[in-house]
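The values are calculated or read from the model by the stated rules, or taken from the named source; none is laboratory data. All of these numbers come straight from a predicted model, not from anything done at the bench. Every residue, glycine as well, gets a Cβ built from its backbone with ideal geometry; the counts of neighbours run over all protein chains shown. The area values use the complete protein model at the heavy-atom level, side chains included, leaving out ligands, DNA and RNA. Shrake-Rupley method; radii C 1.70, N 1.55, O 1.52, S 1.80 Å.
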Amino acid sequence: MNDKTRRTKVRRIILLVIALITIPGAYAYIELVLARPIGEGPAGPAVDAADFKDVWTDRAVKVLGIGDSVTAGLGAKSPSHTFFNRILKNPADEFPAMQGVCLSAVLPNLDHENHAISGSESDLHLEIIREEIPVEEQAYGIVLMTSGGNDLIHSYGRSAPRQCAMYGATLKQAAPWIDNFKIRLRTMFEEIDQKFPVGCEIYIGDIYDPTDGVGDAPSIFLPDWPDGLAIHARYNETIRSVAAERNNVFVVPLHATFLGHGSHCRQFWRSTYDREDPHYWFYSNIEDPNDRGYDAIRRTFLNTIVQHSRLKPRE
């Protein structure tokens with residue numbers, strides 16, 4: 001074998017080795033880092049249908065939606081698939097295990113209104129409670145809320161951080177805004193109570209994390225935010241602490257439910273990995289759920305209502 005032939009053979013071996021390394025590496029990067037498969041079928045925790053077999057009460061009940069685009073339903077494939085509407089009534093294509101698992105099955109004298117607005121922050125939610133929601137003299141209230149998520153993300157770092165649009169802020173900078181959110185949230189709960197003289201229950205979702213607890217904003221195609229995870233955690237702590245001050249306010253654990261279904265959903269080595277459903281539950285705009293995400297939210301709200309509602313008979 002002459003030198004030219006030997007060199008050609010060596011080059012071929014090197015190219016083969018590079019290909020054997022590069023092709024699987026590229027596939028792994030696409031599958032484990034870039035892929036966002038949404039899956040199909042039911043999503044989220046199981047709900048015990050037995051809790052919805054019998055009527056809870058025949059008294060008048062008013063279900064109110066208050067909050068941002070999650071409660072408004074942006075990202076659901078149809079109005080009947082938003083979590084708010086799906087809690088009230090099953091859509092025509094409901095999954096078999098969830099047929100009859102809805103509030104209208106157990107609260108026959110139920111009315112509803114949804115005052116949620118896509119893109120709204122917590123200061124607007126307080127304004128809506130004060131100015132748009134009437135006093136319900138006779139009806140008992142069930143209030144479904146999501147508030148605070150837009151305070152964190154708007155306007156995605158395109159302008160200097162400020163109250164209710166704090167993307168890019170440091171924790172120190174955000175501290176007074178978080179304190180103000182606590183005051184605002186406490187006021188919201190107080191004023192909702194005043195709308196229901198005969199009583200109400202408030203169910204507020206905490207704020208989920210599309211980075212699966214990692215905090216790497218570039219993984220969801222946003223500018224880096226070093227203190228974002230800490231500020232997010234403080235907002236959730238605020239929601240939980242203010243809710244704990246009142247015996248009719250209950251936190252719906254959306255943050256825990258959605259872990260493992262964000263930008264790192266395919267990374268099997270992470271503690272958040274969901275082996276049974278390693279899929280992405282977020283809509284294309286990142287901040288809202290997709291249809292399967294709304295199914296998971298609906299189920300998590302229903303389980304929290306079943307656990308805490310005073311309307312449900314207890315054995």
Exercise. Out of the stretch 253-272, which residues are under 17 Å from the mean Cα position of the chain (by Cα) and surrounded by fewer than 22 Cβ atoms within 10 Å (Cβ to Cβ)?
Worked result: PRO253, HIS255, ALA256, LEU259, THR272
Seminar exercise, completed: Of those in the stretch 36-87 that are assigned to a helix (DSSP H, G or I) and of a type in the set (Ser, Thr, Tyr), the residue surrounded by the most Cβ atoms within 10 Å (Cβ to Cβ) is THR71
Exercise. Quick check, is PHE250 in contact (Cβ under 8 Å) with a residue 24 or more places away in the chain, outside any loop (DSSP other than H, G, I, E, B), of a type in the set (A, V, I, L, M, F, W, C) and in contact with a His (Cβ under 6 Å, 6 or more places away or on another chain)?
Worked result: yes
Exercise. Restricting attention to the stretch 106-121, does a residue exist that is part of a helix (DSSP H, G or I) and within 25 Å of PRO253 (Cα to Cα)?
Worked result: yes
Exercise. Taking the stated definitions as given, is ASP193 more than 17 Å from the chain's Cα centre (by Cα), at pLDDT 95 or above and open to solvent by 60 Å² or more (accessible area, probe 1.4 Å)?
Worked result: no
For this session: Would you check if there is a residue in the stretch 164-183 being at positive phi and either of a type in the set (Phe, Trp, Tyr) or open to solvent by 10 Å² or more (accessible area, probe 1.4 Å) (or both)?
Result: yes
Seminar exercise, completed: Given the conditions (1) closer than 30 Å to VAL55 by Cα; (2) open to solvent by less than 10 Å² (accessible area, probe 1.4 Å); (3) in contact with a Ser or Thr (Cβ under 6 Å, 6 or more places away or on another chain), every one holds for ILE129 apart from (3)
Exercise. Can you find even one residue in the stretch 287-299 that is crowded, with 16+ Cβ neighbours inside 10 Å, of a type in the set (D, E, K, R) and assigned to a loop (DSSP other than H, G, I, E, B)?
Worked result: yes
